[in-house]
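Have a look at the structure below before the remarks.
We did not get these values from a lab; they are worked out from the coordinates using the rules stated. Keep in mind it's a predicted model, so treat the numbers as computed, not measured. Here the Cβ positions follow ideal geometry from the backbone for every residue, glycine too, while neighbour counts run over all protein chains shown.
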Amino acid sequence: MSKRITVIGTGFAAVTAVRELRNRDSSAEITVIGRKAEFVFLPSLIWIPSGMRQGSDLVVGLDNFFRRMRVNFHAGEATGLKDGGRTVVTENGEVENDALLIASGGRFIKKLPGIENAITPCEGIAAAEKIRDRIAEMQGGTIAIGFSGNPKEPSAMRGGPMFEFLFGIDTLLRQQGRRDQFKLVFFTPAPEPGKRLGPKAVKGLLDAMAKRGIETHLGHKMKQFTESKVITEGGEFDANLILFMPGMTGNQWFDNTELARSEGGMLKADALCRVEGSERIYVAGDSGSFPGPEWMPKQAHMADLQAKAAAANIVDELAGRTSNTGFKVELMCIVDSLNSGMLVTRTPKRNLMLPPLRIGHWAKRIFEWWYLRGLR
């Protein structure tokens, strides 16, 4: 009999896992659970405010991909688990499995007072389009851009895109000939922003901000946002537009399970991507808390690496073989600014950061094309 494998999610970790599962087992019955059979290329949200991308450019329907991979799609968001994880409960019925991979992403922590006055860019296309429209209608003023983390989960932050929105908006305003009408302020509770990218990154990023005339407000705990202010324990400043990326935690539906959780609310995984204390339940990407260095990123590349490991272990475990595939810890990104990009890589053994280069920007665009092409 074919084994039933269920994957929750339709993001990077999910589609990579589907491809890896099918490559390793041609007969497995694979079911994907998600709200819609579509993939959104979130890294390119940074190009929506400038008009370089429209929202529709970043959305790919997964019907063809699922057909090629011989995958069943169950439309409906997961709401819980039953039978020790062998049954996934959704808003549209139940799905049984012999092995489960949870790749449903993370959830932004929205507890800061007044956070409704800020736009969280990585929430999706609508948020990026709102930024685009707000900037277009502004005649001048202060744009504040910042991020924070989950103090109980050091890796659960997404600061990289905020540097890209910061530099991209600066470039956009310069291209429009109205940069002198705006003040850009970068803020974060971290005293050394970008430290997770490596020791060289902090100086490189701060130097880039200084060169562009971007003010900074660093190292002060966030207290509140109002419609026109950013308030921290170290002071406050006026802002006409606030972009803020809060820290991340686990999905709300995790509360309806008995799965092991980290202190920060993520699913607690071992080095093989198995949810601790569970039977044939794995996790990949933003949903999980994994052992590794504190700088281990929450980004698409890392999610792909974890998904490949999880898929390999699922197939081995279902076949009765020893599952021992770990994942490589690697940070890899290009910090884009619309017309150039800084390549940053980091592993436990090395760290590389290149200066802003035009080829970096084009490399990011080519990767987007290549990745989406494989899903169409």
By DSSP, what percent of the beta bridges with both residues in the chain are antiparallel, rounded to the nearest 5?
50 percent
Take each of the peptides 81-87, 94-100, average the number of other beta-carbon atoms within 10 Å over its residues, and list them starting from the highest.
94-100, 81-87
If every Lys and Arg gets +1 and every Asp and Glu gets -1 at its Cβ, then about the Cα centre the range 1-40 yields a dipole, in debye to the nearest 20, of 40 debye
Projected area averaged over all directions for the convex hull of the alpha carbon atoms of the chain, nm², comes out at 17.9 nm²
Lys and Arg at +1, Asp and Glu at -1: add these up for the other residues within a Cβ distance under 10 Å of residue 295 and post the number.
+2
Roughly how tilted is helix 358-373, in degrees to the nearest 10 and between 0 and 90, from the longest Cα axis of the chain?
30 degrees
Along the range 338-349, Karplus-curve 3J(HN,Hα) (6.51, -1.76, 1.60; θ = phi - 60°) to the nearest Hz, with x for Gly and Pro, reads 6, 10, 7, x, 9, 6, 10, 10, 8, 10, x, 9
Quick one: of the DSSP bridges fully inside the range 109-245, what percent are antiparallel, nearest 5?
35 percent
Among 93, 168, 198: highest mean-square fluctuation, GNM of the chain, C-alpha pairs under 10 Å
93
Semi-axes a, b, c in Å (a largest) for the range 334-373, each sqrt of 5 times a Cα gyration tensor eigenvalue, come to 20, 14, 6
Defining a contact as two alpha carbons under 8 Å apart and six or more residues distant in sequence, what relative contact order in percent does the chain show?
19 percent
Would you kindly state how much longer the chain becomes between residue 256 and residue 227 on full extension, computed as 0.36 nm times their sequence separation minus their alpha carbon distance, in nm to one decimal?
6.9 nm
With angles folded into 0 to 90 degrees, how steeply does helix 160-175 sit against the dominant principal axis of the chain? Use alpha carbons for both and round to 10.
40 degrees
Viscosity 0.890 mPa s, 25 °C: Kirkwood-radius Stokes-Einstein D of the range 109-245 over Cα pairs, µm²/s:
162 µm²/s
Value at 222 nm in deg cm²/dmol, rounded to 500, when DSSP H runs of n ≥ 4 in the chain each add -39,500 (n - 2.57):
-8500 deg cm²/dmol
Once the Cα gyration tensor of the range 309-376 is diagonalised, what are the square roots of 5 times its eigenvalues, in whole Å and ordered largest first, as equivalent ellipsoid semi-axes?
33, 18, 5
About the Cα centre, charge dipole magnitude for the chain (Lys/Arg +1, Asp/Glu -1 at Cβ), debye
1120 debye
Sorted largest first, extent of the range 246-339 alpha carbons per principal axis (Å):
51, 29, 21
Long-range amide H contacts for residue 223: which residues qualify at under 5 Å (H placed 1.01 Å from N, peptide plane, sequence gap of 5 or more or a different chain)?
231, 232, 233
Chain lengthening between residue 174 and residue 67 when straightened (0.36 nm per residue, less Cα-Cα)
34.0 nm
Surrounding charge for residue 164, neighbours by C-beta under 14 angstrom, Lys/Arg +1, Asp/Glu -1, total +2
Alpha carbon centre of the range 29-49 versus the range 102-129: separation in Å?
15 Å
To the nearest 10 degrees, the tilt of helix 125-137 (Cα long axis) against the first principal axis of the alpha carbons of the chain is 10 degrees
Interchain or sequence-distant (5+) residues whose placed amide H lies within less than 5 Å of the amide H of residue 76 are 34, 35
Can you compute 3J(HN,Hα) from phi for each residue in the range 188-193, using the Karplus curve 6.51 cos²θ - 1.76 cosθ + 1.60 with θ = phi - 60°, rounded to whole Hz and x for Gly and Pro?
6, x, 6, x, 10, x
